[in-house]
Amino acid sequence: MTSFVQGRRLTIALTGEIDHHRAAEVMQTIGQKIAEYLPKVCVLDFRDVTFMDSSGIAVVIRAHRRMHELDGTVLLRNIPPQPWKVLHAAGVERIAEVERSVPV
Amino acid sequence: MKKTENYMLLEIPSRSANESFSRSAVAAFAARLDPTMEELGDIKTAVSEAVTNCIVHAYPNEIGVIQIKCKILSGNVLDISIKDHGCGIEDLSKAMRPLYTTGSDERSGMGFTIMESFMTSLKVTSKVGKGTTVHMKRKIVDRGEKR
Ligand SMILES: Nc1ncnc2c1ncn2[C@@H]1O[C@H](COP(=O)(O)OP(=O)(O)O)[C@@H](O)[C@H]1O
Ligand SMILES: [Mg+2]
């Protein structure tokens, strides 16, 4: 997973299939990067996510908790239709800002 | 009774690396119903939820057996049952409530809610100490194309 920082904004590009098999590793990476850069906004970019199940919801909740501790927020961006359906079913809009600009 | 037009049986050990394999195998089996991307995504998500539950909850401290049975029924219906011989569920209606989880904070408690809303029907039977079977059906819209 690649990431970059602009000012106080940390962007992490998630990739591949986010399921239970990979969730722990993804959570750990996000947690480490947040701890390293202490951003105000953590952007999770879903452009290259090819599949996501409810394990991904727990990933977003964890990121939200970390950012909340820092008085910051989470922004989800470029969410393809399949992950979006899962995130929306869980009402993710209540804990993260959502920017959806991916063509279906 | 609907006629079974095709079927598949798949047995796998409850290793997390098999999550990806099992949902892909079911998707490949369903392909001859000519599902849309959205239908395929729904099916893969529901299978992933059920198989993950076997791995995480049914067999928390051991590698057990997961049986996946798929049928294509007349009328473009995909019928999937996912069975484990693990610990079973004591209170099913409680377990199926949104956000209810006995797992760690790596779980969200949304698995059953997603299976229920992404599939046409969901039926769960379980017995403590014996195991759990998740039975789901999904009607695939016939787009009138020749196969
Ligand atoms: N196959 C299973 N065997 C035993 N318990 C299960 C099984 N599937 C689900 N459960 C129980 O039902 C609860 C809810 O499942 P689910 O909605 O998928 O949420 P989650 O997996 O995030 O906990 C689980 O926490 C677990 O207690
Ligand atoms: Mg689950």
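From least to most packed, judged by other beta carbons within 10 angstrom and beginning with the fewest, A:Arg8, A:Arg62 follow the order A:Arg8, A:Arg62. Can you give me the C-alpha center-to-center distance between the range A:45-75 and the range B:1-51, rounded to a whole angstrom? Measuring centre to centre over Cα atoms gives 27 Å. Electrostatic bookkeeping for A:Val92 treats Lys and Arg as +1 and Asp and Glu as -1; over the other residues with beta carbon under 14 Å from its beta carbon, the sum is +2. For the listed residue pairs A:Lys33/A:Lys85; B:Lys44/B:Lys83; B:Lys3/B:Lys127; B:Lys2/B:Lys127; B:Lys69/B:Lys139, the alpha carbons are over 24 angstrom apart in A:Lys33/A:Lys85; B:Lys3/B:Lys127; B:Lys2/B:Lys127. Local charge for B:Gly41 was computed over the other residues whose Cβ lies under 14 Å away, with Lys and Arg +1 and Asp and Glu -1, and equals -3.
Exposure proxy shown here: for A:His68, A:His20, the number of other Cβ atoms within 10 Å sets the order, fewest to most, as A:His68, A:His20. Annotation: the residues B:Asp42, B:Asp84, B:Asp105, sorted from fewest to most other C-beta atoms within 10 Å of their own C-beta, follow the order B:Asp105, B:Asp42, B:Asp84. For chain B, averaging the sequence separation of C-alpha pairs within contact (under 8 Å, six or more residues apart) and dividing by the residue count gives a relative contact order of 27 percent. Applied to the range A:4-19, the Karplus parametrisation 6.51 cos²θ - 1.76 cosθ + 1.60 on θ = phi - 60° returns per-residue 3J(HN,Hα) values of 8, 10, 10, x, 9, 10, 9, 10, 10, 8, 7, 9, x, 9, 9, 10 Hz, with x for Gly and Pro. Normalising the average separation of contacting C-alpha pairs (under 8 angstrom, six or more residues apart) by the number of residues puts the relative contact order of the range B:44-104 at 29 percent.
Every read-out reported here was derived from the displayed coordinates using simple, explicitly stated rules and does not represent laboratory data. Because the structure is predicted, anything quoted here is derived from the model rather than measured. When we count neighbours, we look across all protein chains shown, and the Cβ atoms used for this are built from the backbone with ideal geometry, even at glycine.
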